[in-house]
1. If I go through segment 241-267 residue by residue, how many of them are outside any helix (DSSP H, G or I) and buried (at least 18 other Cβ atoms within 10 Å of the Cβ)?
2. Which one of these is surrounded by 15 or more Cβ atoms within 10 Å (Cβ to Cβ), part of a loop (DSSP other than H, G, I, E, B) and either outside the structural domain of GLY180 (by TED's automatic domain parsing) or modelled with pLDDT of 95 or more (or both): GLU20, GLU6, GLU37, GLU24?
3. Any residue that is in contact (Cβ under 8 Å) with a residue 60 or more places away in the chain, in the same structural domain as GLY196 (by TED's automatic domain parsing), surrounded by fewer than 19 Cβ atoms within 10 Å (Cβ to Cβ) and closer than 15 Å to ALA162 by Cα - is there at least one of those in segment 112-119?
4. Which of the residues belonging to segment 209-227 are in contact (Cβ under 8 Å) with a residue 24 or more places away in the chain and surrounded by fewer than 22 Cβ atoms within 10 Å (Cβ to Cβ)?
5. Between residues in segment 233-256 that are closer than 20 Å to ALA189 by Cα and residues that are surrounded by 12 or more Cβ atoms within 10 Å (Cβ to Cβ) and of a type in the set (Lys, Arg), which pairs lie under 6 Å by C-beta distance while being six or more apart or on different chains?
6. If I ask for residues that are over 19 Å from the mean Cα position of the chain (by Cα), assigned to a helix (DSSP H, G or I) and hydrophobic (A, V, I, L, M, F, W, C), which ones from segment 100-158 would you list?
7. Criterion first (of a type outside the set (Ser, Thr, Tyr), in a helix (DSSP H, G or I) and in contact (Cβ under 8 Å) with a residue 40 or more places away in the chain) does ALA193 satisfy it?
8. Which of the residues spanning segment 228-240 are out of contact with any Leu (no Cβ under 8 Å at 6 or more places or on another chain) and either of a type outside the set (S, T, N, Q) or surrounded by fewer than 20 Cβ atoms within 10 Å (Cβ to Cβ) (or both)?
Amino acid sequence: MDGPHEAQPPRVGVAIATRERRAELEAVLERLIALPERPPVVVADNGSRDGTPAAVRARFPAVEVIELGDNRGAGGRNEAVRVLDTPYVAFSDDDSWWAPGALDRAARHFDANPRLGLLAARILVGPDERLDPVCAVMADSPLRAGDDRPGRPVLGFVACGAVVRRDAFLSIGGFDARYGIGGEERPFAVDLAAAGWELRYLPDVVAHHHPAAGAARPGRRAVQLRNDVWSAWLQRPAGAALRRTAGLLRRSGPRRHTAAGLVQALRGARWIARERRVVPPDVERALEAVERAEPS
């Protein structure tokens, strides 16, 4: 019979996708393995050529490393989730980690709400712990829920501050590798909502994000625009997709990255037409409410 202090198996695992950020990743792993929750950690390596897999195995033998051999972007997280066998999975990047106790709080939220598919945490950025601007937007989400459960319903999140119910994640196929990194959260969030799962911003769960100065990848803004246009045409009614695209182009302005992003988006027209799946009316109404609340 188990004793009163018998160690319980971890409820939350941590999935990380990385590429050629060996030193940063090692610093993150130090923090994660020191967490009181002792989460299992799986690293999906997107074809690093800097010795990341071997270095992680040598220094952190408890961390499982999957060598993907090529760059699957956010799709690398899918492989890490499949390997983990915890009911809930938290995502970290190679420059982010979870606060002590955060994963335990996340597990309690999921246990209390069987329809919760994704928890968006409060993300504190940099040594001065500034609130991530996306979190400020989520805290003021126009979406309402007719219940007394904690948190605010949302239709977006930041991946490095998200925890998912593993079964829900796998049921919708995870992240689309074609999106790379940057804007991959939106189609996943909408697919999750369309499947009947709840997404909530719960600020008592805290993640830390320390991006390096000037760490934005070349072409990031073009990729973000491409991905936002793809998501509009992949999931929205034609009229809504057209309005969304026009708004995105207007906000992006007549710049080089705008033209580059639009060209990249057009290259995906064939697979978008083939895989297009319009969301249910209630999800479309929620998307429209979110977009009305966006700054012009």
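1. Count: 0.
2. Only one candidate qualifies: GLU37.
3. no
4. HIS209, HIS210, PRO211, ALA212, ALA215, ARG217, GLY219, ARG220, ARG221, GLN224, listed by residue number.
5. If the second residue must be surrounded by 12 or more Cβ atoms within 10 Å (Cβ to Cβ) and of a type in the set (Lys, Arg), the pairs left are LEU234/ARG276.
6. Result: ALA112, single match.
7. Yes; evaluated as a whole, the condition is true for this residue.
8. Answer for segment 228-240, where residues must be out of contact with any Leu (no Cβ under 8 Å at 6 or more places or on another chain) and either of a type outside the set (S, T, N, Q) or surrounded by fewer than 20 Cβ atoms within 10 Å (Cβ to Cβ) (or both): TRP230, TRP233, LEU234, PRO237, ALA238, GLY239.
The values are calculated or read from the model by the stated rules, or taken from the named source; none is laboratory data. Just so we're clear, the structure is a prediction, and the values are computed from it rather than from any experiment. Heads up, the Cβs are rebuilt from the backbone with ideal geometry, glycines too, and the neighbour counts pull from every protein chain shown.
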